[in-house]
Ligand code: ASP
């Protein structure tokens, strides 16, 4: 049995955190492959090493003196090394980094050093072998991740190894230069490594005990989600609930490897298990609630529009022409409403409306701003009678006017539109009815 374990930045922000991580890894000999992030924040006012590296490199690129900020970064690593009493010096590594900064090796190279150096420390601390991710994770010419080449090289390399540390977040371009994934990308590296060694579990260790039923900034101490499917997670993360990089699910999902989100500061907690499918019932009818504010509803009315072939396509073209992405599109017989992001739409409002006029010649259009969308997600909803009814009566009791309802055909989620001002109250009302009172 092989487990791949990825640790996030806050789990590796200091020597104390490293020691917790060491205990976790040593507690299970199956935890053979380790993916570290760069050191994160030690407290809310602290700066992540990745951000320090970006800032430091910006100076180098502007031909300004970057020695002091680079020494500050070195201090962060030295305090970990000294705190763990390791016999290790990063002196030579920092000489190379200085030279490469002067030679303008790129912002991706700079940022990747956060994980690279933390990987060296981690390998030394655990007595595991260190694999530079540049040798095993590859990108294509245009920047897309090269899954095929990576899998071939990485699986071969890991095959012969008992244990190894592979730093997260980066790999190499065909010309050998360094490229990173987008921010938070160490999650993706962990998933790729899990697939390459055919792991039975991908453990993703962070600073929360897994996914929560609702946002803790809105609901005090929300219940944790014990088990969630990839599809449910995708719906929730799209609506803003983030525990994992969005692209991290794809490699393991294809390989049928579950992900377990765990808390480094509470290793006894089971965390959340993310699986392809499960017959285990969720604790509540719903699995989770998430939402986002800041939408505009564009309503388009035209008599007998349902008989006009291509009406919807042309209406959507008006948005496409101006690069506006569409969030939701509930429709009636002679009306359709298009939900778009307010921020994206505001500057282009009049251009879109005039394109609409030209393309579909509507009888009537209306714009409504400051709306929020809430997704109530749950695999259990389709087999339960009255779920929608309960949501609506909870919202009615809380005096909330529902502006839009959209149930996906998979019955995995119900999307509700409310005004921005009602957003928090609506989430509380839905949480209460399903979780607190378990109605
Ligand atoms: N260190 C990188 C970041 O801050 C990648 C990661 O932590 O996953 O985004």
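Coordinate-derived values only; no laboratory data. The structure displayed is predicted, hence computed values, not measured ones. Counting neighbours? That spans all protein chains shown, and the Cβs are built from the backbone with ideal geometry, glycine included.
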| said: Please compute the alpha carbon radius of gyration of region 114-250, then divide it by the globular-protein estimate 2.2 N^0.38 Å. Two decimals is fine. | reply: 1.15
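Antiparallel as a % of all DSSP beta bridges within the chain, to the nearest 5? Show your work: numbers first, answer last.
Working: 40 of 63 bridges.
For the chain, the DSSP antiparallel bridge percentage is about 65.
Counting alpha carbon pairs within less than 8 Å and at least 6 residues apart, what relative contact order, in whole percent, applies to the chain?
Working: 860 pairs, mean separation 57.1, N = 439.
It rounds to 13 percent for the chain.
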| field | Per-residue Cβ neighbour rank within 10 angstrom, fewest leading, 279, 211, 312, 56 | value | 279, 312, 56, 211
| note | Relative contact order in percent for region 107-237 (Cα pairs under 8 Å, 6+ apart) equals 21
| Taking the convex hull of Cα positions in region 266-412, its mean projected area over all directions (nm²) | 12.5
| remark: Sorted largest first, the Cα spans of region 158-201 on the principal axes come out in Å as 29, 22, 15
| said: Highest mean first, how do 3-16, 165-178 rank when packing is the count of other Cβ atoms within 10 Å averaged over residues? | reply: 3-16, 165-178
| query | Using the alpha-carbon centroid of each, what span in Å lies between region 241-302 and region 382-439? | reply | 18
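Could you rank the peptides 99-110, 57-68 by their average count of other C-beta atoms within 10 Å per residue, with the highest value first?
On the way: 99-110: 17.1, 57-68: 14.2.
Descending mean neighbour count gives 99-110, 57-68.
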| task | Provide Rg over Rh for the chain; use the alpha carbon set for both Rg and the Kirkwood Rh (inverse mean inverse pair distance). | result | 1.03
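Over the residues of region 1-94, compute the C-alpha Rg and express it relative to 2.2 N^0.38 Å. Please list the in-between numbers first.
Values: Rg = 15.3 Å, N = 94, 2.2 N^0.38 = 12.4 Å.
It is 1.23.
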| remark: A correct fewest-to-most ranking of 328, 245 by other Cβ atoms within 10 Å would be 328, 245
| Highest average packing first - 212-220, 295-303, 350-358, Cβ atoms within 10 Å | 295-303, 212-220, 350-358
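If I take every Cα pair under 8 Å that is 6 or more residues apart in region 1-100, average their sequence separation and divide by the length, what percent do I get for the relative contact order? Please list the in-between numbers first.
Working: 105 pairs, mean separation 26.4, N = 100.
For region 1-100, the relative contact order is 26 percent.
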| query | How do 20, 48 rank when sorted from fewest to most other Cβ atoms within 10 Å of their own Cβ? | reply | 20, 48
| field | Stokes-Einstein diffusion coefficient of region 23-152, Kirkwood radius over Cα pairs, 4 °C, 1.567 mPa s, in µm²/s | value | 80
| field | Viscosity 0.890 mPa s, temperature 25 °C, Stokes-Einstein D of region 321-390 from Kirkwood C-alpha radius, µm²/s | value | 166
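Tell me the Kirkwood hydrodynamic radius of region 337-439 in angstroms, computed as one over the mean inverse distance between distinct C-alpha pairs. List each step's numbers first, then the result.
On the way: mean 1/r = 0.0644 Å⁻¹.
Radius from the Kirkwood sum: 15.5 Å.
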